[in-house]
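So the structure is just underneath, and the comments pick up after that.
Quick note: the coordinates plus some simple rules give every number you see, no bench work behind them. Values in this document were obtained by computation on a predicted structure and should not be read as measured data. With ideal geometry, Cβ positions are generated from the backbone for all residues, glycine too; neighbour counts draw on all protein chains shown.
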Ligand code: HEC
């Protein structure tokens, strides 16, 4: 009985924690449109790569997002197509500046509870406290600065623009964590179609074979 009761208590507290973790995340739809993911890639390369790596992603793979050759050239500014997306910052400097190395972002959309919604919530979670210092609702005490300047933005239009930017980066990081998802889904449809045709053929041949027995 005691064990059962302990089990129920543990389950309940786990459920409560899950609900709490969910509640802190912004309720936002992360778009999957090519345009949003492309814009997100631009922000990631131009801003996030200032400190973070995306070491599992190569510049050449960005061509899957529908960039023209010219756009891709601008984006990689001299980096090779086979090169991984890495920051130009020196790791020692980063560690000295922030007290830790900014984590790799390649799989971040899979690594954190809430995935891309967490990334959005982190980027738009920065706010100014009454003493003027900046903190973050999604990650209190985070050592990352408010890179999109959300806590400074007072004007609603400006805030909306930053929210859209955060949404697009989240969309890009969701893609980056699984760049072959679209291919896999397409393959899935082929496999399903194949199975349907096979079922039909087997059914027809079964009918022919059994017809002889009547
Ligand atoms: C100026 C350096 C800098 C830039 C630019 C930067 N970050 Fe960070 N980021 C950090 C540091 C430092 C941490 C580690 C924070 C910590 O653990 O306290 C971090 C952590 C993170 C985390 C992990 C948070 C967690 O739960 O552990 C995510 C996600 C993230 N950054 C996303 C981004 C995105 C997206 C961008 C681009 C829009 C970006 N960062 C740009 C410095 C930076």
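Against the empirical curve 2.2 N^0.38 Å, the C-alpha radius of gyration of the chain lands at a ratio of 1.42. What separates the Cα centres of the stretch 45-121 and the stretch 149-214 is a distance of 24 Å.
Suppose only helical runs count, i.e. DSSP H with n ≥ 4. What mean residue ellipticity at 222 nm does that imply for the chain under -39500 (n - 2.57) per run, divided by all residues and rounded to the nearest 500 deg cm²/dmol?
-17500 deg cm²/dmol
Counting alpha carbon pairs within less than 8 Å and at least 6 residues apart, what relative contact order, in whole percent, applies to the stretch 99-214?
Relative contact order for the stretch 99-214 comes out at 26 percent.
Suppose a student asked you for the relative contact order of the stretch 27-179, using Cα pairs under 8 Å spaced at least 6 residues apart; what percent would you report? Spell out each step's value before the answer.
On the way: 210 pairs, mean separation 51.1, N = 153.
For the stretch 27-179, the relative contact order is 33 percent.
Using R₀ = 45 Å, calculate the FRET efficiency as 1/(1 + (r/R₀)^6) where r is the Cβ-Cβ separation of residue 192 and residue 81; round to 0.05. Don't jump to the answer; show the numbers that get you there.
Working: r = 34 Å, r/R0 = 0.75.
Calculated transfer efficiency: 0.85.
Spin-label pair residue 89-residue 161: with each label point 7 Å from Cα along the Cα-Cβ axis, the two points sit 2.4 nm from one another.
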